[in-house]
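Reviewing the structure listed below.
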There are 2 protein chains.
Amino acid sequence: MKVAFIGASGHQGLALEAVGKVAELEFRGMAAGGPEEDVTPWHARSLAPLGVPLFDDWRDMLDRVKPDVAVVAPWFHRQAPVAIECIRRGIHVFLEKPMALVPEDLEALRAAWRGGSVKLCPMFALRWAPAFWAAYQAVRDGLIGEPLVLHAQKSYRMGDRSGLYAARATYGGTIPWVGIHGIDWIHWFTGGRILDVTARHTARDNGGFGDMESSGMCLFRLGNSGTATLSIDYFRPAAAPTHGDDRIRAAGSRGVVEVMDGKAVLCTASEPPRLLDLEAGDGIFADFLRHVRGGAPLRVGAEEAFSVAELALKSRESADTGRTVPFRGR
Amino acid sequence: MKVAFIGASGHQGLALEAVGKVAELEFRGMAAGGPEEDVTPWHARSLAPLGVPLFDDWRDMLDRVKPDVAVVAPWFHRQAPVAIECIRRGIHVFLEKPMALVPEDLEALRAAWRGGSVKLCPMFALRWAPAFWAAYQAVRDGLIGEPLVLHAQKSYRMGDRSGLYAARATYGGTIPWVGIHGIDWIHWFTGGRILDVTARHTARDNGGFGDMESSGMCLFRLGNSGTATLSIDYFRPAAAPTHGDDRIRAAGSRGVVEVMDGKAVLCTASEPPRLLDLEAGDGIFADFLRHVRGGAPLRVGAEEAFSVAELALKSRESADTGRTVPFRGR
């Protein structure tokens, strides 16, 4: 299984987690995703020690390496165009989210994927975070009843960020970049039965990062008459113990399940709060390679991922316009 | 200070907390707030041991006892009319929230209060919960910067409920009854700078309690460009350790403050998470009596309380209609 890396502006490091877990895995090359990107520091640190060569041009690399799988994490506005080119060449794609920054790019990517014959996995790595996987299974198994009220949270440190974050054209916005994980959890936990979204965001107090929104909120009306909200911010203090503070709480008439601090807690009518067992697993990229190789089911399907990405862009549209934006009719 | 009780359908028990804390406090009588209400069990348990007589008719009681203060907690649709009658008689009012179930009643109450000369305090007792008070002070003192993203939670057990809850006409809805506390925190923490509200609610899985909404969510657009959300549900499981699970989290560029499990935690850029010191205080009713007696400032002003009550009714209107409802212009 030959793997090539295009870009180092996101979570391409997820691919490294599969080393030693998947047989016959070969990292064969790396290239920048565009002229604006310098991937040499990441290459020197992460791939050079493994003897993986650096190429000047990603298309040239694909011509020469002929990889089975591309790990695509360029500047964000290039995610869709690079992925489309990989699909056109018959290369499976492990793609940084949100996958596309504008609806036109998302539709072009979806059309290319539907017209091709490759596997695609977005870097929705938090579905592989053990506590979120455990909570999802509790909901899926009906342990809380029908989820009627859900709240998710993504809170990150502001930290130092490259120039790509400062412009909407290259960054896409905080709702698609950070919020998409929470949007994904809500879509996942509710089976995508989301009728519309009402969202707000602001660039106030954004540490001088240009257009970048410091924070925002989304409210989703669910097909089951319930509601879900998502809180997103870059206000996690520097002195906080971790970079991120990821949470979800889902409640229904049978119980409540909640993820916080990397733990999943379930409480039901008959059972006081208890920690759910967590499974570590091999991670998203190892599972994707097995999916490519043998068709093993993946925790996220490509069609579902496109739906999540579309919902992220509609959420941003709602925040930009102030209007409630319809999503699905069910 | 002569006190009379009208109704036993809410948090009239808050008045008992002032016993032994306020000098010359005399409970002089109790009566039902209407023919639908049987206050005898609560009277027998709480006031009869103190020798407080039960009256057949609350107006007759007011004529005879001439109280300084009325504790008003009838069936909810009678809150405003009873309070208006007390104000007309020059009696200070400690009034169950949401104070009014329809805008017309709220406006009549506000007009009566503005035209009278009595003190009024809504039973926003959670402003006196030590952790919420500590968190409020942290926000007020600028420790988190401008709050740009807030999320509040009210989660209660369904439990057994009287018939008043089953009909909108007597109950008012879960947003005004349960949600108003979270609406109050958000109004309080943001200085009431709220531009509009978008809310959803549902009566699904409500345990057979008629119209009563089992759950809902509100999203508030703030005057500072931030956003606040509120989650409300009756899905707290019977096996949970407490009746309620009250929370708020407020974040800004300087830090995050959060209330959960009766604790308040602050984290800033320079300071890892730490518990805020909590003050027990004497409670809302003792403070109200001091306010009545000497004009000492109260944690909630009547005008502010009317604004919160109005926002609760507008939130319900948004949930009923599906539309975003304007609130203030600032």
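Annotations for the structure displayed:
- Contact order for chain B, expressed relative to its length and based on alpha carbon pairs under 8 Å spaced 6+ residues apart, stands at 20 percent.
- Selection from B:ALA83, B:LEU311, B:PRO272 lying farthest towards where the dipole of chain B points positive, charges on Cβ: B:PRO272
- DSSP bridge analysis restricted to chain A gives an antiparallel fraction near 60%, rounded to the nearest 5.
- Cβ-vector label at 7 Å, A:ASP282, separations to other copies in nm: 6.9
- Choice from A:GLY179, A:GLY13, A:GLY295 showing the highest fluctuation, given a GNM over chain A with Cα pairs closer than 10 Å: A:GLY295
- Placing a label point 7 Å from Cα along the Cα-to-Cβ direction at A:ASP56 gives distances to the equivalent points in the other copies of 10.3 nm, listed shortest first.
- Considering only B:SER215, B:SER225, B:SER318, the Gaussian network model of chain B with Cα springs below 10 Å gives its largest mean-square fluctuation to B:SER225.
- Number of partner chain Cβ atoms within 10 Å, mean per residue of B:143-149: 5
- For the set A:LYS263/B:LYS154; A:LYS21/A:LYS314; B:LYS154/B:LYS314, the pairs lying more than 30 angstrom apart at their alpha carbons are A:LYS21/A:LYS314.
- Aspartates and glutamates with Cα under 12 Å of B:LYS2, excluding same-chain neighbours fewer than 8 positions away: B:GLU24, B:GLU26, B:ASP68
- Label-to-label distance for B:THR242 and B:ARG328 is 2.9 nm, based on points extended 7 Å past Cα in the beta-carbon direction.
- Ellipsoid semi-axes for the protein assembly as shown, based on the Cα gyration tensor and the rule √(5λ), read 54, 23, 21 Å when sorted largest first.
- Note on B:LYS97: aspartates and glutamates with a C-alpha under 16 Å away, same-chain residues under 8 apart excluded, are B:ASP105, B:GLU107, B:ASP184, B:GLU303, B:GLU304, B:GLU310.
- Packing here is the average count of other Cβ atoms within 10 Å per residue, and on that basis the peptides A:104-114, B:88-98, B:61-71, B:227-237, highest first, run B:227-237, B:88-98, B:61-71, A:104-114.
- Fraction of beta bridges assigned by DSSP in the protein assembly as shown that are antiparallel (%, nearest 5): 60 percent
- Each residue in B:LEU311, B:LEU195, B:LEU50 was given a count of other beta-carbon atoms within 10 angstrom of its own, and listing them fewest first yields B:LEU50, B:LEU195, B:LEU311.
- Label point 7 Å beyond Cα along the C-beta direction, distances from B:ALA239 to other copies (nm, shortest first): 3.9
- Residue with peak Gaussian network fluctuation, chain B [Cα springs, cutoff 10 Å], from B:ALA73, B:ALA240, B:ALA167: B:ALA240
- Between A:SER162 and A:LEU275, the simple label model (points 7 Å from Cα in the Cβ direction) yields a spacing of 3.8 nm.
- Span from the the stretch A:116-144 Cα centroid across to the the stretch A:20-71 one, whole angstrom: 27 Å
- Where labels lie 7 Å past Cα in the beta-carbon direction, separation of B:ALA48 and B:GLU104 in nm: 3.9 nm
Coordinate-derived values only; no laboratory data. Because the structure is a prediction, the values reported are computed rather than measured. When we count neighbours, we look across all protein chains shown, and the Cβ atoms used for this are built from the backbone with ideal geometry, even at glycine.
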